[in-house]
Amino acid sequence: NLTVKTTLDTEIERDAENIVTKEFEKYKNYKVNNASVVVMDVKTGGILAMVGSKDYFNTENEGNFNAATSLRQPGSSLKPVMYAVAFEKGYTPSTLVMDTKTEFPVVDPTDPTYTPVNYDGKFRGPVQLRFALGNSLNIPAVKMLARVGIKPVMQKGYDMGIDNWEPTTKNLQNVGLSLVLGGREASLLQITSAYSVFARGGIKKDPFSILEVKDRNGKVLYKHKDESGNRVLSSEVSFLISHILLDNVARTEAFGSNSYLVIPGRTVSVKTGTTDQKRDNWTIGYTPSYTVGVWVGNNDNTPLDPRIASGITGASPIWNKVMTRVLKGTKNEEFQKPNDIIDKQVDAFSGGIPIDGQPTRVEYFVRGTEPTTKSPIYKTL
């Protein structure tokens, strides 16, 4: 007989299962049959809860399948990995990118161009990266991926725990600029683990679930050693990503000011993702202590009801309730601002240095990357 001690918090696990069951009573007519939840302890990497299916033991209806470890299309949920690479390369949250119809050349002779669209079909013209990421705009994301390169982004995702993004020659041949819109699969456990890197300020720790194993005589056969982890991202870049993802103003255009991504009185960074044809719906969010990831979809990849919308239905209400439950009885935690992060006034519209009479806003920068000139979009005629 072996005695196995796990990282699971039985109360959080039970409550997460109950939240999924209750939420699904509302989705009877939404063509959605399954959900998965992962809760991680940011400090250690320990898995506090894992709901693999909405009813694991119901084999008739999508049960006996661990959706937390199966590979699915991540939609926009991994855009922050690309923006992290961009910030490492000197781009900033106030960098301006044009959200306009753009055709990207591709290698496929049958379809020589790739023309991404935003979720709402609109074009917004000049957009700063803070709002491009906050509102999860697709065209600016694809443009930035084209600038920073597919291989460095896949490498960063792999370093952060997305095993399926290893930038091998074979993997690179099977992926293009749609990478940042969900073009390469990942599991909920991997994505939740990658977000924990941002929560930890750039340190990667492997997720684990077994703390200790003893034999029948009480002899310890295995004991988990807490690892210090590896730095895969600077604390400055991690802070910028976390700050954009907690900025409710930066996402209001897409999600409204009162979405399920807001937990009143709490500082929480959060990102959603929805794949083409609405096959997978994600919400992943974190504080400095906890990461909660939620996936909603169908095991057989059939599309969800079009009414499933990020921030309103699907994964986000479940995420909101699980995160609220996890944070119950804890103090609000802010993300620590590194010494090399400075704040500057910028032109609210263009992101360059302020211009007389024009509205301004405050932005964070890694020291040395702050704008020193006015934006080139202002011309004296």
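Is it the case that K101 is under 29 Å from G256 (Cα atoms) and of a type in the set (K, R)? Break it down stepwise before answering.
Details: under 29 Å from G256 (Cα atoms): yes; of a type in the set (K, R): yes.
Here the answer is yes, as K101 does meet what is asked.
Here's the yes/no breakdown for (1) touching a residue at least 12 places away in the same chain (Cβ under 8 Å); (2) closer than 17 Å to M50 by Cα; (3) open to solvent by less than 30 Å² (accessible area, probe 1.4 Å):
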site: K278; (1), (2), (3): yes, no, no
site: T291; (1), (2), (3): yes, yes, yes
site: N298; (1), (2), (3): yes, no, yes
site: T302; (1), (2), (3): yes, no, no
site: I308; (1), (2), (3): yes, no, yes
site: V322; (1), (2), (3): yes, yes, yes
In this structure, is T92 closer than 30 Å to F24 by Cα, within 24 Å of the chain's Cα centre (by Cα) and modelled with pLDDT of 95 or more?
no
Any residue in the range 348-361 that is β-branched (V, I, T) sitting within a Cβ distance under 7 Å of a residue that is not in a loop (DSSP other than H, G, I, E, B)? List the pairs, counting only those 6 or more apart or interchain.
I353/V346; I353/D347; I355/D347; T360/Q345; T360/V346; T360/D347
State whether one or more residues within the range 90-107 are open to solvent by 40 Å² or more (accessible area, probe 1.4 Å) and of a type in the set (S, T, N, Q).
yes
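Here's the yes/no breakdown for (1) modelled with pLDDT of 95 or more; (2) within 25 Å of I308 (Cα to Cα):
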{"position": "Y114", "(1), (2)": "no, no"}
{"position": "S136", "(1), (2)": "yes, yes"}
{"position": "P152", "(1), (2)": "yes, no"}
{"position": "N174", "(1), (2)": "no, no"}
In the range 243-266, is there at least one residue being touching a residue at least 60 places away in the same chain (Cβ under 8 Å) and within 17 Å of G161 (Cβ to Cβ)?
no
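Among what's in the range 138-148 and is in contact (Cβ under 8 Å) with a residue 60 or more places away in the chain and not β-branched (V, I, T), pick the residue that is surrounded by the fewest Cβ atoms within 10 Å (Cβ to Cβ).
R147
Let's see how each residue does on (1) surrounded by fewer than 23 Cβ atoms within 10 Å (Cβ to Cβ); (2) within 30 Å of E103 (Cβ to Cβ); (3) in contact (Cβ under 8 Å) with a residue 12 or more places away in the chain:
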position	(1), (2), (3)
G176	yes, yes, yes
K205	yes, no, yes
F208	yes, no, yes
S234	yes, no, yes
S238	no, no, yes
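For the range 251-260, indicate whether the set of residues that are among the hydroxyl-bearing types (S, T, Y) and open to solvent by less than 10 Å² (accessible area, probe 1.4 Å) is non-empty.
Here is the first cut: in the range 251-260, the ones among the hydroxyl-bearing types (S, T, Y) are 252, 257, 259-260.
Next, only the ones that are open to solvent by less than 10 Å² (accessible area, probe 1.4 Å) stay: none.
Within the range 251-260, none of the residues are among the hydroxyl-bearing types (S, T, Y) and open to solvent by less than 10 Å² (accessible area, probe 1.4 Å).
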When you scan the range 1-53 for strands (runs of 3 or more DSSP E) that lie fully inside it, which ones turn up with 3 or more residues that are in contact with a strand residue (DSSP E or B) (Cβ under 6 Å, 6 or more places away or on another chain) and open to solvent by less than 70 Å² (accessible area, probe 1.4 Å)?
34-41, 47-51
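The values are calculated or read from the model by the stated rules, or taken from the named source; none is laboratory data. Model, not experiment: these values are computed from the prediction. Heads up, the Cβs are rebuilt from the backbone with ideal geometry, glycines too, and the neighbour counts pull from every protein chain shown. Note: accessible area is taken over every heavy atom of the protein model, side chains too, but ligands, DNA and RNA are not part of it. Shrake-Rupley method; radii C 1.70, N 1.55, O 1.52, S 1.80 Å.
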